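Values quoted throughout were computed directly from the atomic coordinates according to the rules given, and no laboratory measurement underlies them. What you see is a predicted model, and the numbers here were worked out from it, not measured in a lab. Please note: Cβ atoms are built from the backbone with ideal geometry, for glycine as well, and neighbour counts cover all protein chains shown.
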Amino acid sequence: MLCPMTNQLTPPQYTLPVIIFAQFTGTSLWFAGNAVLPDLQTAYGLPGGALGGLTSAVQLGFIAGTLLYAILMLADRFSPSQVFLFSAMLGALFNLGIGAVTEGYASILALRFLTGLFLAGIYPVGMKIAADWYAADLGKALGYLVGALVLGTAFPHLLRFSAAEVPWQRVMQGTSFLAVMGGLMIQWLIPDGPYRQSGTAFKPAAIVAIFRIPDFRAAALGYFGHMWELYAFWTFVPVILLARFPELSPASTALFAFGAIGVGALGCILGGYWSLRTGSAKVAYAMLLISGLLCLASPLLFQLPG
């Protein structure tokens, strides 16, 4: 429907909620392995440094997947909704493999890497789907989507809390089921958006060229640094909780970890609205500055009285 005030197409009211829900369900795969790490260590005798290994495997898979999706131009050559569904189903399959076909640490790392590989078709492609539908108020839409990512990342901890008395495999099964459901909703309810544009052929030399643009270089390096510190913090939230409050039960630790990570979704949503008034650059600067300062201060959490 065309909005007479802006001459822009108005998406159906359900469009953004469906994309947000699908983004939430798909990204719940991200930290599913971390949420059940103590159980994995008991079941498979994982080493003490398994936390870093599992987290790095997912992140490396995501980086490799992002490059692969970009080089193959999957979201340009095919319907983004179909790419999202395909990625959600395969990510869910490899996530489900932990507890079903795993034999040890190496196979768990491989499965987490493959899960991260297909997360590259969920998080970035979900952003593209939103951009294909929202020319105006895109900042608000992306704020909700990043908030969905945050909640999706935190959700396995909530699932672990609610399923404290059942086998840990239920967390893997639950997140996989949700990811597939989100992919199906995107496929069934969200066709290609009216602002979708065809991509050009992949040119490796363009990577060097765009990094010569100061504004792009600043944004890219800022985002890289932010992701580095943010995911490190998310990874160590349960570790910090157990170090400071060793009396916490596993269920309570999972619940507090969900709260500590999930509250970030509120900041994402508020930042999206704020960007509509002051511009994305100013909001990004303020958020990166605050997040970076908090990261520098985070070791003090180990010094605070219990």
Can you tally the net charge around residue 23? Count Lys and Arg as +1, Asp and Glu as -1, for every other residue whose Cβ sits under 15 Å from the Cβ of residue 23.
+1
Dipole of the chain, positive direction: furthest Cα of 144, 248, 281, with charges on the beta-carbon
281
Let me know the charge dipole size of the chain about its Cα centre in debye, to the nearest 20, where only the beta-carbon of Lys, Arg (+1) and Asp, Glu (-1) is charged.
500
In whole percent, what relative contact order does the chain give with Cα contacts below 8 Å and a gap of six or more residues?
27
Mind listing the long-range amide H neighbours of residue 9? Cut-off is under 5 Å, sequence gap 5 or more, other chains count too, H placed in the peptide plane at 1.01 Å from N.
3
Taking the chain and counting helices only, DSSP H stretches of n ≥ 4 at -39,500 (n - 2.57) each over all residues, the nearest-500 ellipticity at 222 nm comes to -24000 deg cm²/dmol
Projected onto the charge dipole of the chain (+1 at Lys/Arg Cβ, -1 at Asp/Glu Cβ, origin at the Cα centre), which of 43, 194, 155 gives the Cα projection farthest towards the positive end?
194
C-alpha long axis of helix 80-96 to longest principal axis of the chain, angle in °:
10
Please compute the net charge surrounding residue 131, taking Lys and Arg as +1 and Asp and Glu as -1 over other residues with Cβ under 13 Å from its Cβ.
-1
Name the most mobile residue of 214, 47, 156, meaning the one with the largest mean-square fluctuation, in a Gaussian network model of the chain with Cα contacts below 10 Å.
214
extent check for region 10-140: Cα max minus min per principal axis, descending, whole Å, gives 54, 29, 23
Once the other residues with Cβ under 15 Å from the Cβ of residue 100 are scored (Lys, Arg +1; Asp, Glu -1), what is the net sum?
0
For residue 282, list the lysines whose Cα falls under 29 Å from its own Cα; do not include residues on the same chain fewer than 8 positions away.
128, 140
Over the chain, with a Gaussian network built from C-alpha contacts below 10 Å, which listed residue (161, 224, 258) shows the highest mean-square fluctuation?
224
Largest fluctuation, 215, 137, 192 only, Gaussian network model of the chain with Cα springs under 10 angstrom, belongs to 215
Give or take rounding to whole Å, what are the principal axis extents of the alpha carbon atoms in the chain, in descending order?
60, 42, 41
